[in-house]
Amino acid sequence: MNFKMTHFVVFITIMLMMSCKRPQAKLVELRGRQIKITDSLQGMDSILNYVATYGRHIDEVLDKKLAFAPQKISKEDGPYNTSEGNLMADIVMEQANPIFKSRTGKNIDFVLLNFGGIRSIISKGPVSARTAYEVMPFENHIMVVRLNGLSVKKLISFLVRNRTTHPISGIQIVLDKKDSIRSVEIQGIPFDDNRDYLVATSDYLLGGGDNMIFFNEALEVTDIDYLIRNAMVDYFTKKDTIKATVDNRFIKAD
């Protein structure tokens, strides 16, 4: 092949390659429309049947009886503490403390949750995983916070001043007839504002939810990777009967 023929072949090859190259696509216009989800929309049987299988399985898991409640458990049955609030706080204490201790070698001193986080009563009768989802529909994690004595003092003052039956466990507050603090005990020992305390709460409250801004003063925070709702399910699973009462953890003395 001579020199001219070689150049001719190269030229033809380049032209063929250029002719095969597709032009780059460009977005010219973007259109959209809103489709309302109503009963008028017809479902596809193949998709509905496929989803229904999983739906039935989920219902079976959620509705399986785990325990029994001999009476209704409510967050509205006490002026200073309630049966459901006490149960919730006690569940967090019982389920979270072993995990926290295994990781840190320390015990949780007390628990503080919030009244508004409880979204349903526990009805008399069978208790299931669905019960836990109804009571605690949020993805709230249990957090353990180290607070100094001054911050805990603010926490106690908040509870006394707020007068909302926020769930507590491991701490007892007694008021006198004039609604002043008569005594505070944590794990049966008088409160000492010169020491630090380990408080189990939720990530929502840790962020200042429900105006609990004293948690912003945390000296240390431990996320134990445990949802409050999962703690409830685990608690229900190991209990035959769920009992909860209004007691003396927050009272006004006669």
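General observations
- Residues (among the charged types (D, E, K, R) and over 21 Å from the mean Cα position of the chain (by Cα)) located in region 77-92: Asp77
- Selection count, region 197-221, where residues are polar (S, T, N, Q) and crowded, with 20+ Cβ neighbours inside 10 Å: 2
- Residue within region 43-57 that is within 26 Å of the chain's Cα centre (by Cα) and either modelled with pLDDT of 85 or more or of a type in the set (Phe, Trp, Tyr) (or both) present: yes
- Within region 143-182, considering residues that are closer than 26 Å to Asp223 by Cβ and in a loop (DSSP other than H, G, I, E, B), the one farthest from the chain's Cα centre (by Cα): Asn148
- Filter result (touching a residue at least 60 places away in the same chain (Cβ under 8 Å) and farther than 30 Å from Asp63 by Cα) within region 107-149: Asn107, Ile108, Asp109, Phe110, Val144, Val145, Arg146, Leu147, Asn148
- Looking at Tyr197, Tyr204, just one residue is within 14 Å of Met136 (Cβ to Cβ) and either touching a helix residue (DSSP H, G or I) at 6+ places or on another chain (Cβ under 6 Å) or touching a residue at least 40 places away in the same chain (Cβ under 8 Å) (or both), and that residue is Tyr204.
- Yes/no for Lys153 being under 17 Å from Met93 (Cβ atoms), among the basic types (Lys, Arg) and surrounded by 13 or more Cβ atoms within 10 Å (Cβ to Cβ): no
- None of Arg146, Arg182, Arg163 is surrounded by fewer than 16 Cβ atoms within 10 Å (Cβ to Cβ) and in contact with a strand residue (DSSP E or B) (Cβ under 8 Å, 6 or more places away or on another chain) except Arg182.
- The one condition in (1) of a type outside the set (Asp, Glu); (2) within 21 Å of Glu134 (Cβ to Cβ); (3) modelled with pLDDT of 85 or more that Asn81 fails to fulfil: (2)
- Residues of region 82-92 that are buried (at least 20 other Cβ atoms within 10 Å of the Cβ) and assigned to a helix (DSSP H, G or I): Ser83, Glu84, Gly85, Asn86, Leu87, Met88, Ala89, Ile91, Val92.
The values are calculated or read from the model by the stated rules, or taken from the named source; none is laboratory data. Keep in mind that what you see is a predicted model, and the values were worked out from it rather than measured. Reconstructed Cβ throughout: ideal geometry from the backbone, glycine too, with neighbour counts over all protein chains shown.
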